Each structure stands twice: as C-alpha cells, then as structure tokens.
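Working notes for the structure below.
The values are calculated or read from the model by the stated rules, or taken from the named source; none is laboratory data. What you see is a predicted model, and the numbers here were worked out from it, not measured in a lab. All Cβ positions, even for glycine, are placed from backbone atoms using ideal geometry, and neighbour counts span all protein chains on display. Surface accessibility is based on the protein's heavy atoms, side chains included, excluding ligands, DNA and RNA. Shrake-Rupley method; radii C 1.70, N 1.55, O 1.52, S 1.80 Å.
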Amino acid sequence: MKVLDNIQILYEDTDLLIVNKPAGVLMHGDRRHVGEPTLLAWALEHVRSSGFVSDFQPAFVHRLDKETSGVAVLAKTKDAVRALNRQLKLKKIQKEYLALVVGEIDPQGSIRLPLQKQMDRKRWLALMVPVRRGGIYAQTDYKRRELFEYLGEKFSYVEAYPRTGRTHQVRAHCAAVGCPIVGDDLYGNAELNEKLRRELGVTRMLLHAGAIEFLHPTTEQRMRVEAPLPQDFQDVLHRLKGS
C-alpha cells in the first residue's frame, strides 16, 4: 500500500488533529478503492507515533469527497467526538467552501432544496437529487467572489456555506441552480469538463473546504481553522484572470 506524506497539519492538541486534506485522497477506505492510502490511516499512524495512548480509536467528525481538498477534523477522544457531534446536530459548526462553478450565479443567495438519494442506473452511481416530497431538508448559502469568461462560457468563483450537512450537498445544490462545479463529472457536464481539462488545465473537481468554525470540545473557546487554497486551484483562477 502506498504511504501518504507531506500532509499539512493545521492544528493539533490532546483533543484534536486538524489537517489540510489533499485532493485525490480518500478519507476512509471503501470497496471501490481497495488498497488506496487513506487520510484516516495516516492520521491514526501520526497519533500513535506521537505517543498518544487511548482505548478509543480517533475518528473524523465529518467527510470530504475524494476530489475535495481542505479542512478535515479528527477527534482523538470519545468526549471530543461527542462534543463535536452535538455541535453538528445543533448546527453550531460553520463550514466555508470555495468552489469554481460553471455559469453566472447570482451575487449572493440561499439554495433551499430538499435532497434525496437516487440511483443513476446508467452509471450505477448514487446521486443526491432535489425533490419536492420525501427528501431531507438542505440549505446552502453562497456569495460570489469573482466572475470570469473563458471559451465562450462564464464561470463564478464562490464561497459556499452549507447550513446542513447532507451528502454531496454543495455539489448537488450548485448543479440544481444550473451552475455545477467545474470538474464535477457526476453532477456537471462531462463534455465541458473534458474541454476544460485540455484548455484550462483543470485536473479535478474544484471544490475546497476552506475553513471551519466551532467551539473547542474541552475549552469551549471559539476556533476558526483555515486551509490555504491548493496550487492547482490557484493556477486555474490565475489563467481565468489572465484570459
């Protein structure tokens, strides 16, 4: 099995390990990616090698898709997991994502569309689809930072604030308003994404977990941890600005 290296630690103490997850790295293993290195395995080895001893196995308190980069929070103790899960349930944890989306999205807004998991039988993949009845409430607020035009298409660089924590929420909501995330073949336009890979150098889905705010599980002090935008994302923005 390959070993991950050069994982950036953003914050660490006896309760928490917060890292900047690289794009292309799984957080947890699954049946579709047997043998691939995972962020959890790296984190457990890091915690073990640092001398931390506990009968509880540390665990991430939220998930990021494989192609998504950014802030990932690992709780080292059972009490820390409970405290952070309680904050998640009460919507006390605030997450900020950065995304490049296709189209001219409104300068700011709130997408409030219930989501339901449905199977795409052509691709045999599960999708989160907006529905009128039977779905789970989901809300994503957003603000547009910049607007670009390239190859006859408009692109918006946005900050997204998911107020709920549904699977693929930001991806599904952006696609639902006609502005899928650049590089997202599951919810977006695969043909356009292929063109952007050739012409713009897009190598993956351009979604980044830029920051997270919560109360420390022990001190209860408000914390904000930020992850710098990866170089590949910066490079695409630079090319758009220079076009």
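The table for this structure:
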{"read-out": "Tabulated pairs, the range 232-243, first modelled with pLDDT of 95 or more, second of a type in the set (S, T, N, Q) and open to solvent by less than 80 Å² (accessible area, probe 1.4 Å), C-beta under 8 angstrom, 6+ apart or interchain", "value": "Phe233/Ser69"}
{"read-out": "Filtered residues of the range 46-66 (kept if among the charged types (D, E, K, R), assigned to a loop (DSSP other than H, G, I, E, B) and farther than 17 Å from Arg166 by Cα)", "value": "Asp55"}
{"read-out": "Restricting the range 145-202 to residues that are open to solvent by 30 Å² or more (accessible area, probe 1.4 Å) and β-branched (Val, Ile, Thr), the residue that is farthest from Ile93 (Cα to Cα)", "value": "Val177"}
{"read-out": "The one condition in (1) modelled with pLDDT of 95 or more; (2) touching a Leu at 6+ places or on another chain (Cβ under 9 Å); (3) hydroxyl-bearing (Ser, Thr, Tyr) that Tyr161 fails to fulfil", "value": "(2)"}
{"read-out": "When residues of the range 85-102 are limited to those that are open to solvent by 30 Å² or more (accessible area, probe 1.4 Å) and touching a residue at least 60 places away in the same chain (Cβ under 8 Å), the one nearest to Val61 (Cα to Cα)", "value": "Leu88"}
